[in-house]
Amino acid sequence: MEPSIYEYPDIFRRVHMERPGEIPAEVQFIKEIWRRHRKAPVTRMLDIASGNSPHGQILARAGTTVVGIDRSSSMIAAGRRELENANLRFYRRNLINFSIPERPFDAAILMSETFPAIRSNEDLVAHLHSVGRALKRGAIYVIDVDRHDGITLVKRRRLWRSRRVRIGSLRVDVREFHRPIAWHDGMHSIYELECTIRFPGNPVRTRDLIPVRYTTPPTMDLLARASGRFTMLAAYADLSFDRPLDKCIGRWFAVLRRI
Ligand SMILES: C[S@@+](CC[C@H](N)C(=O)[O-])C[C@H]1O[C@@H](n2cnc3c(N)ncnc32)[C@H](O)[C@@H]1O
């Protein structure tokens, strides 16, 4: 089986077209959400599907206790390597159903549009129950959700775009495909990411199949209610508190409160 791009944490960031300053801007936005929606200070945060926890690293340096959970040991190893700090620790867990030996948290985040990793209704509710168990009452759960309404549905696997990424002297050829999905599936479409990493003399090809859920604010509100653990407080467009949802460019942020 071909490996996943998540086995190569530094390359994955560049392939995902992360822009300089993006993560610090997101951390600022999350802190402002806490200020507006949580009365007590946030001193302990759970980073779900943390990867190497780029957001957590910034917060941990500033004194917040951050715990990351992720299923990829390579991503976790990268996080441990990048910041040795008593305020940051990791557990290898599946985000669907997990528990960790930690005191309850004031806040949780699920960033980088990873929400579609949860596929079935059963898993969605199990996920919200797991997060709910890990949080204090009144804690805030911020979920970063992609806008998916522009995605073309296809009958056959089709190349969407191809591009070349340079990381120093290393070249990565990226091809992205749309794949068909049954009309009755709970997900909306399937995105396939193929990366050929041109390591000198030893190219590696990675492949990830990423099902995409078209989640809108009313759907998230319904999920929160169905879980019995959360209520949805707000939906913010992009990184803005005053841009109307109608003008949302790329993604939106769901703000849930643990009840
Ligand atoms: C796009 S990365 C985001 C990493 C980090 N939160 C960030 O913002 O850079 C998605 C992460 O989700 C993790 N992931 C995907 N499905 C998962 C699952 N079922 N359980 C735990 N982690 C999962 C992957 O291993 C990967 O590290």
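The sole residue among V172, V165 that is open to solvent by less than 10 Å² (accessible area, probe 1.4 Å) and in the same structural domain as D208 (by TED's automatic domain parsing) is V172. The set of residues in the stretch 1-34 that are closer than 18 Å to I197 by Cα and aliphatic (A, V, I, L, M) comprises M1, I5, I11, V15, M17. Residues of the stretch 52-66 being within 13 Å of the ligand (Cβ to nearest atom) and either in contact with a Lys or Arg (Cβ under 9 Å, 6 or more places away or on another chain) or open to solvent by 10 Å² or more (accessible area, probe 1.4 Å) (or both), which ones? Within the stretch 52-66, N52, P54, Q57, I58, L59, V66 meet the criteria. Counting residues in the stretch 24-41 that are outside any helix (DSSP H, G or I) and open to solvent by less than 40 Å² (accessible area, probe 1.4 Å) gives one or more. Scanning the stretch 1-17 for residues that are open to solvent by 60 Å² or more (accessible area, probe 1.4 Å) and either closer than 21 Å to R161 by Cα or away from the ligand (no atom under 15 Å from the Cβ) (or both) yields M1, E2, Y6, R14, H16, M17.
The values are calculated or read from the model by the stated rules, or taken from the named source; none is laboratory data. What you see is a predicted model; the values in this text were computed from it and never measured. As a convention, Cβ positions derive from the backbone with ideal geometry for all residues, glycine included, and neighbour counts pool all protein chains shown. Heavy atoms of the whole protein, side chains included, go into the accessibility calculation; ligands, DNA and RNA do not. Shrake-Rupley method; radii C 1.70, N 1.55, O 1.52, S 1.80 Å.
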